[in-house]
Ligand code: ADP
Ligand code: MG
C-alpha cells in the first residue's frame, strides 16, 4: 500500500493569541515558494487559521458542514478550500458555543480527512495543524494523541502565560511519549512580544526543557499591515525582512530531523526562571 509518498505532518501548539495562525499561514505560504505543496488545518474553534491565505475570508468549517449537510465525502469537500498558491485550507471548527467539547469536534474532523484520504487526493507533501492548546483541555491533544501529527513545534513568547501553556504542552507530550506514542517536539518557535529580556527568557526556558529554539520571530508591523488586507507577509511583503524570517523557518522545519522528548519544569521553576530574568533586568537598569 505504498502508492503514496510519505506525507509530513506537523502541529503548531501554543496559547490562544500567541501567533500560531500567523506563523502557520506564513509558513505554508513560504513552503509554496520552495516547491512544497502544503495543507493547513485550523484546529481552533476560532476558525480563523487560514484567513490570510483566503483573502481575509472565513471559510466554512468541517463542523459547520457536517452539521448542515452530513459527513459523506461529497459533504466534506464543501469544507476544502484552495488559498494562496493553491494551499489546501480547512478548519475543523467547533461546537456551538456552550454546547459540546471543541476537542471532540477536532478529532471528528481529522478522522474524516483521514478516512477520505484528502491529503493523498490532493498530492500534499506537508500538513500543518494549527492547534489551540495549553492541553489543559485534553480535547486539543487529539491531533497528536491519535497520530495525525507526530512532530510538534511549540510557539511561545517570553510572557508567563505563554510559557505556562508551552510547559503544559511539554507535560502532555512527555506523557504521551512515555505511553509509547511517537509524538516528539521538533523545537520551540519564539514569537516575540517585545517584553524585557525576552530572548533570554525564552532561551533559558528552552534550555531547561531540553528543547532547541528552531526560530525566533520578531514582532513586526508588516504582520498587521498584511493581515488587514487578508494576506500573509509572504504574499504582501515578500521582500521584507519579516518574510525572510518565515522563509527561514520553512527551510529549517523542512530540514529538521531532530525530535525531542521535553523535560517540563514545575510552576515554581517557571516563576523562578521569569523572576530571575526580571531581576537581572532591574539590576542592570539600576546600574545605568
Ligand atoms: P493564535 O492563532 O495563536 O491565536 P494569531 O496568529 O491569530 O494567534 O495572532 C494573534 C495576533 O497577533 C494577530 O492579530 C497577529 O496580527 C498578531 N501577531 C502574531 N505574530 C505577530 C508578529 N510577529 N508581529 C506582530 N504581530 C503579530
Ligand atoms: Mg489561531
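For the chain, what does the relative contact order come out to in percent, with C-alpha contacts under 8 Å and a separation of six or more? Relative contact order, the chain: 23 percent.
Return a whole-number percent for the relative contact order of segment 1-119, with Cα pairs under 8 Å and 6 or more residues apart as the contact set. Relative contact order of segment 1-119: 24 percent. The helix-based estimate of mean residue ellipticity at 222 nm for the chain, built from -39,500 (n - 2.57) per DSSP H run of four or more residues and divided by its residue count, is -13000 deg cm²/dmol to the nearest 500.
Efficiency by 1/(1 + (r/R0)^6): what FRET value for residue 104 and residue 171, r their Cβ-Cβ distance, R0 = 30 Å, to the nearest 0.05? Please list the in-between numbers first.
On the way: r = 21 Å, r/R0 = 0.71.
It comes to 0.90.
Estimated translational diffusion coefficient (Stokes-Einstein, Kirkwood radius over Cα pairs, 25 °C, 0.890 mPa s) of segment 127-259: 155 µm² per second.
FRET efficiency for residue 73 and residue 266, Cβ-Cβ distance as r, R0 = 45 Å, nearest 0.05? The pair residue 73/residue 266 has a calculated efficiency of 0.45.
Can you list the residues of segment 178-194 with backbone N under 18 Å from a point 7 Å past the Cα of residue 160, pointing along Cα to Cβ? Label zone hits: 193-194. Full extension of the segment from residue 228 to residue 81, taken as 0.36 nm per residue of separation minus the current Cα-Cα distance, would add 50.9 nm. Between residue 6 and residue 255, the modelled label-to-label distance comes to 1.9 nm, taking each label 7 Å out from Cα in the direction of the beta carbon.
Just subtract the alpha-carbon distance of residue 241 and residue 123 from 0.36 nm times their residue separation and send over the number in nm, one decimal.
On the way: separation 118, 0.36 × 118 = 42.48 nm, distance 3.10 nm.
Working it through step by step, the gained length comes to 39.4 nm.
If both residues of a DSSP beta bridge must be in the chain, then about 10% of such bridges are antiparallel. The Cα atoms of segment 33-102 give a gyration tensor whose axes a ≥ b ≥ c have a/c of 1.5 or more with a/b greater than b/c, which makes the shape prolate. Treating each Cα of segment 13-159 as one equal point scatterer and applying the Debye formula with no solvent, the log10 of I(q)/I(0) at q = 0.09, 0.14, 0.15, 0.20 Å⁻¹ comes out as -0.24, -0.60, -0.70, -1.31. With only the Cα atoms considered, the chain has a convex hull volume of 137 Å³ per residue. DSSP beta bridges in segment 1-145, what fraction antiparallel, as a percent rounded to 5? If I count the DSSP bridges inside segment 1-145, around 10 percent turn out antiparallel.
Taken together, the values in this text are just the output of simple stated rules run on the coordinates, not laboratory data. All of these numbers come straight from a predicted model, not from anything done at the bench. Note: ideal-geometry Cβ built from the backbone for every residue, glycine included; neighbour counts use all protein chains shown.
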